[in-house]
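The values are calculated or read from the model by the stated rules, or taken from the named source; none is laboratory data. No experiment lies behind these values; they were computed from the predicted model shown. Positions of Cβ are backbone-derived with ideal geometry, glycine not excepted, and every protein chain shown enters the neighbour counts. Note: areas computed on protein heavy atoms with side chains; ligands, DNA, RNA excluded. Shrake-Rupley method; radii C 1.70, N 1.55, O 1.52, S 1.80 Å.
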Amino acid sequence: MSGARYDREKIEAKWQRAWARARLFEARAKPGTKKWFSTVPYPYMSGYQHLGFGIAFLRAEFQSRYRRMAGYNVLHPQAFHCTGLPISGAARRVAQGDRLQLDILRKMGVRERDLKKFADPLHWIEVFPPATIEDLKALGAAVDWRRSFITTDLNPPYDAFVKWQFRRLREGGYVRIGKHPVIWCPLDLAPIQDHDRLEGEGETPAEFTLLKFPIGDKALVAATIRPETVFGQTNLWVDPEVSYVEARVGTETWILNESAVAKLREQGRSVEEVGRVKGSELLRSEVIAPGINKVIPILPAKFIDQARGTGIVTSVPSDAPDDYVALRELQRDDATMARYGLDAARVRAISPLPIIRTPGFGPLPGVEIVERLGIQNSSEREALTRAKEEVYRSGFYGGVMNENCGPFAGMRVEVAKDEVKRQLHENGQADVLWEPSGEVICRCTTRAIVKIVEDQWFLAYGDPEWKARTHRALDGITLYPEAVRKQFHHTIDWLNDWPCTHHKGLGTKLPWDDHWVIESLSDSTVYMAYYTIAHALQGGTLRSQVPWAQRLDDEFFDYVFRGIGDAQAIAKRVRTTKATVEGLRREFEYWYPLDLRHTGKDLVQNHMTFCVFNHVALFPESQWPKGLGVVGYVALGGRKMSKSRGNVWYLRDAMKAFGADLVRIGLAYAGDGLDDPSFDTDFVESIQGRLQDWHRFATSRARTRTKTLPIDRWFMSAINRAIQCSSKSRRKSSRRSRRTSRKRFGRGGRGGGSCPRRPTRRQSQRRSTSPRRPPSDTSAPRSTTRGRS
């Protein structure tokens, strides 16, 4: 007899209700019982959550479910991030009628009549945290929802927790005040960290060397990150169509573009505009090149990025592919040389000068790579960028200065760079300009600059002793996959002082100076500790209404998290019971340390590494994290999913198409490790039929028997072997986490035959008759290789 019809909506809802009634995922400390505490970073509440969050969340949730079945007492909570500029910036764009922002909300399904409500930042917080809970519950998330909360001062107990954290960090010397360059939004008038950016996560302030090229009583100024290449200068490039500024800087008059003038002012320089000069008027003139003190001509160029540097570029065609291609184009362009009255013979006589012996290249790397890649003109920007990066990387890390580089001959390039820069400054031939290390776009869509900020509060991640302890902590952490360890160590080395406050946006005010708001990557580093007691503080609501939890102070958190103080006195002060305070201390001691924190690989360079730094600063070694995991990000159309860009497939839409079980299976199958995963809709459609067949088989009536047959023993053996292989893979992963080489999980089992492998794409290829795809404007690409997009 055929089994019951598979009604996924009815079946999924049935079991989700059953879990809720049984309070299956509500965790309590059970001394003497092995525990598992797993989290993912709380998602930002600037919209509905998409498949990218789904895969990071489920990787941790799968582990939590497995541990629960293996007999562990499991805590898996989930909260929601509302701190920072993104929500307030998006609300402002709605108020301004920004078409892109309004279209993003429309694609989320927001009704036209409700769009105006999103001009209020608080409306975002009212809408998206509950919606995310709804979506995750529909996904079948095994979460203790009693511990959920939102950030910012809208939630007093969490606000008090962050203030405690920062007071203790300051007391330990980890939060300092000073004068530092920061990535800055000229529109928001605030430092912008990674979570506040539309583009440019991981980019930091970079020091450019300003080279001065005297021309009469003035100097043209060009910016470079490669001062060691001054020995190969052949000419200076200007854009003939640009109106350059003649500006008084100190006692000198510089010629540079308007953008550079504005940036210098933001960096504390006194700059007075005294005149203007068209780029074309500078042609046919000569300047004295710094470092080599030789006369070189000024030539026209169109490839100069006027938003970066000074709008003037010194030409080193031997090692800069852009310069070589532009020079070659000009030498062949009689019309342009005639238009600007250039001496064609002199221009054609310019040739690259060898200055660096670069491994894998001849004497002129910039020329060689252009010829190798077949680059024909300056419009081939992608190829030129790739060529520039390869030459720079090879030359900087492996190159040696040539014999014609004066006192720096024979010196390694990475050493010569600072030595040449120092000499140029000593000779008065150079200055400093700060730029972002790469393009940074604020979520308000404004291009960011670097500003020198005084009296700015920083987390001192550049402190050598703090770095050393963090490296040691990382050595004791199991990483999933192990291959990411090198990136973590590199990030620890690379990080410098981090601006942790700004004057705008939502969040927690700095406890000793409420003119500042703590930024979103700095209030989210150790809140896993808050999860262990959140069930009592939140009372089951995102914005706590628990009376005594509104009165928490530093002494409360000192006792709960550090065991310092008198529980009776603390209980009396916050107006709760001694038993409650002591119970929360026991909860924290039971659940900590964190067993697994899992997220996307892009957070290694900030949040995940910050998590380790701050645990080292605030907690004893026995409470440092035990495991960290990362996964690649799901891409659509070759681009990372981003709510602020609108190129997403939301979890709620994917579940409407496939249901929770198939979305979970699809994301489980999407790929592992650091490769960017692909949600393979063909695979999901093929599994849909199998799931229906399995349900039909499981619910059909069949004849039964009591006698044990050989097939029964085989079946039990297969089941036990699968369990054994899963357990063995987990244990091997933990043991091998510090080894440099790893074998693939599940290649073979001991005594029970080989472990089963996942089906190949060909084996699982079974098309559905009614394919379900993402919306056409955000269409998910059909994957051709499992685990890649």
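Details
- Dipole check for the chain: with +1 at the C-beta of Lys and Arg, -1 at the C-beta of Asp and Glu, and the Cα centre as origin, the magnitude is about 6060 Debye.
- Restriction of the trypsin sites (Lys or Arg not before Pro) in the stretch 1-88 to DSSP coil positions whose beta-carbon has at most 15 other beta-carbons within 10 angstrom yields ARG5, ARG23, ARG28, LYS34.
- Proximal lysine pairs, the stretch 206-431, alpha carbons under 19 Å, eight or more residues apart or interchain: 11
- Of GLN331, GLN96, HIS471, farthest towards positive along the dipole that unit charges on Lys, Arg, Asp, Glu beta carbons give the chain: HIS471
- Rounded, prolate or oblate (a/c below 1.5 giving rounded, otherwise prolate when a/b exceeds b/c) for the stretch 186-241 by Cα gyration tensor: prolate
- In a reduced charge model with +1 at each Lys and Arg Cβ and -1 at each Asp and Glu Cβ, the stretch 1-103 shows a dipole moment near 580 debye about its Cα centre.
- Net charge of Cβ neighbours under 12 Å - reference LYS163; Lys, Arg +1; Asp, Glu -1: -3
- Cα gyration tensor shape of the stretch 206-431, rounded if a/c is under 1.5, else prolate or oblate by comparing a/b with b/c: oblate
- Option label - semi-axes √(5λ) of the Cα gyration tensor in Å computed here, alternatives (1) 44, 34, 27; (2) 41, 39, 23; (3) 54, 33, 26: (3)
- The alpha carbon centroids of the stretch 522-594 and the stretch 241-320 are separated by 59 Å.
- Mean separation of Cα contacts under 8 Å (6+ apart) over length of the chain, as relative contact order %: 18
- Backbone HN-Hα couplings from phi across the stretch 355-363 [Karplus 6.51/-1.76/1.60, Hz, Gly and Pro as x]: 9, 9, 8, 9, x, x, 10, x, x
- Backbone amide hydrogens, once placed in the peptide plane, bring VAL440 within less than 5 Å of ALA448, excluding anything fewer than 5 places away on its chain.
- Accessible surface of ILE452 - all protein chains present, 1.4 Å probe, nearest 10 Å²: 30
- With DNA, RNA and ligands ignored, accessible area of SER727 (1.4 Å probe; Å², nearest 10): 20
- Accessible surface of the chain, 1.4 Å probe: 50 percent of it comes from carbon and sulfur atoms.
- For the chain, the solvent-accessible area with a 1.4 angstrom probe is 44 square angstrom per residue.
- Trypsin sites (Lys or Arg not before Pro) lying in DSSP loop within the stretch 91-189, provided at most 14 other Cβ fall within 10 Å: ARG111
- Cα-centre dipole for the stretch 92-219 with unit charges at Cβ (Lys and Arg positive, Asp and Glu negative), debye to 20: 260
- Three-way shape call for the stretch 1-141 based on the alpha-carbon gyration tensor, with the a/c threshold at 1.5: oblate
- Cβ-Cβ FRET estimate between ASP98 and ILE711, R0 fixed at 60 Å, reported to 0.05: 0.35
- Exposure check, 1.4 Å probe, all protein chains in place: VAL648 carries approximately 10 Å² of accessible surface.
- Qualifying trypsin sites (Lys or Arg not before Pro) in the stretch 514-576, DSSP loop, other Cβ atoms within 10 Å at most 11: ARG575
- Between ASP114 and ARG17, the FRET efficiency estimated from the beta carbon spacing at R0 = 30 angstrom works out to 0.55.
- MRE, 222 nm, helices only [DSSP H, n ≥ 4, -39500 (n - 2.57), over the chain, to nearest 500]: -12000 deg cm²/dmol
- Summarising the amide proton neighbourhood of ASN73: residues at separation of 5 or more, or on other chains, whose placed amide H is nearer than 5 Å comprise LYS34, LYS35, TRP36.
- Cross-link partners for LYS34 among the lysines, with Cα-Cα distance under 28 Å and sequence neighbours closer than 8 places in the same chain left out: LYS137, LYS578, LYS626, LYS728, LYS732.
- Pairwise FRET efficiency - ARG265 versus ARG562, Cβ, R0 = 56 Å, nearest 0.05: 0.75
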